[in-house]
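The values are calculated or read from the model by the stated rules, or taken from the named source; none is laboratory data. Since the structure is predicted, the reported quantities are computational estimates derived from the model, not experimental observations. Cβ coordinates were reconstructed from backbone atoms using ideal geometry, including for glycine residues, and neighbour counts include every protein chain displayed.
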Amino acid sequence: MTALVVAASLLVGVSLGVLGGGGSILTVPILVYLAGQGTKEAIATSLFVVGVTSLAALVPHARARRIRWRTGLLFGAFSMAGAYGGGRLAEYVPGTVLLIAFALMMLATAVAMLRGPRRARERARPADLPLKHIAVEGLVVGAVTGLVGSGGGFLVVPALALLGGLPMGVAVGTSLLVIAMKSFAGLAGHLAGVAIDWPLALTVTAAAVVGSLAGGRLAGRIPQDALRTAFGWFVVVMGVFVLVQQLDAAVWTHPVTWAGVGAVLAAAVAARWRAARSARAHAPTTTPGSPCG
């Protein structure tokens with residue numbers, strides 16, 4: 001089992017290095033289903049793992065100049081305040097409720113990522129988000145981080161790419177700075193009521209750091225649209241997995257449940273189809289025999 005946990009932890013690091021998120025989406029299920037931890041203990045441990053791993057993954061992105069430092073530091077500062085409050089509130093919320101809320105937010109975010117930013121909006125956005133937007137989005141994302149144990153990359157990357165208009169590669173690098181800051185703030189909120197198994201936490205962290213360094217080197221070689229699409233579908237898969245694990249058989253046999261799942265999947269497919277059609281519409285066209293250049 002230990003070898004399986006270590007192997008899965010390597011994937012946590014690769015996910016953070018390549019996608020700028022997905023660390024806690026993987027870490028919480030690994031600690032709950034493979035390491036046998038309780039939900040709240042796993043959430044607190046994941047914040048430590050993801051915080052340290054994000055700092056390591058930040059290095060190759062910084063060297064490649066894929067970090068918007070002003071936006072990241074301000075977003076992270078506001079997120080830390082929200083994360084600490086969310087971490088304290090999590091003590092009073094049942095673990096199952098936290099995981100179900102976590103999964104539903106993942107699915108909603110995945111749809112937004114698969115839809116992608118409208119090109120006109122993307123060009124119109126400034127290099128850095130306005131301070132008011134950074135404050136509001138940072139507090140909200142931070143609160144979610146502390147409450148459900150997510151490092152927040154699955155929310156930060158869309159916020160930076162869709163709302164801030166940052167190129168996907170820069171959004172990924174900048175998100176790692178934000179994730180590290182608010183993961184540690186969220187951890188501080190959890191430590192008041194949760195004890196961490198430090199040998200396990202350090203083992204998982206070491207494996208994740210190794211994976212993050214490899215992932216950071218790969219990130220700059222992947223096309224932006226492919227990176228966004230991969231991130232979106234990855235979050236869909238993990239969100240459905242967490243829901244399946246948390247909801248009992250009676251819920252899954254109810255028609256309303258399948259109607260909801262079908263609606264989410266249909267929305268994701270439709271969003272991807274619209275994005276592909278928009279990309280084709282904006283692509284330059286040539287006719288046979290026409291001069292080039």
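Structure notes:
- Considering only residues in the range 151-169 that are assigned to a helix (DSSP H, G or I) and surrounded by fewer than 24 Cβ atoms within 10 Å (Cβ to Cβ), the one that is modelled with the lowest pLDDT turns out to be L163.
- Candidates G87, G38, filtered to the one that is of a type outside the set (D, E), farther than 16 Å from L202 by Cα, buried (at least 24 other Cβ atoms within 10 Å of the Cβ) and more than 16 Å from the chain's Cα centre (by Cα): G87
- Checking A3, A83, A90 one by one, the residue that is in a helix (DSSP H, G or I) and either at pLDDT 85 or above or more than 13 Å from G186 (Cβ to Cβ) (or both) is A3 and no other.
Matching residues to (1) of a type outside the set (A, V, I, L, M, F, W, C); (2) at pLDDT 85 or above; (3) outside any helix (DSSP H, G or I):
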residue	(1), (2), (3)
S183	yes, no, no
L200	no, yes, no
T205	yes, yes, no
D225	yes, no, no
V242	no, no, no
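- S278 being at pLDDT 80 or above and in a helix (DSSP H, G or I): no
- Residues that are in contact with a Pro (Cβ under 9 Å, 6 or more places away or on another chain) and either among the basic types (K, R) or modelled with pLDDT of 75 or more (or both) within the range 111-143 comprise just one, R125.
- If you check V172, V148 for being modelled with pLDDT under 75 and crowded, with 24+ Cβ neighbours inside 10 Å, only one passes: V148.
- Checking V50, V59, V18 one by one, the residue that is within 14 Å of A206 (Cα to Cα) and either in a helix (DSSP H, G or I) or modelled with pLDDT of 85 or more (or both) is V50 and no other.
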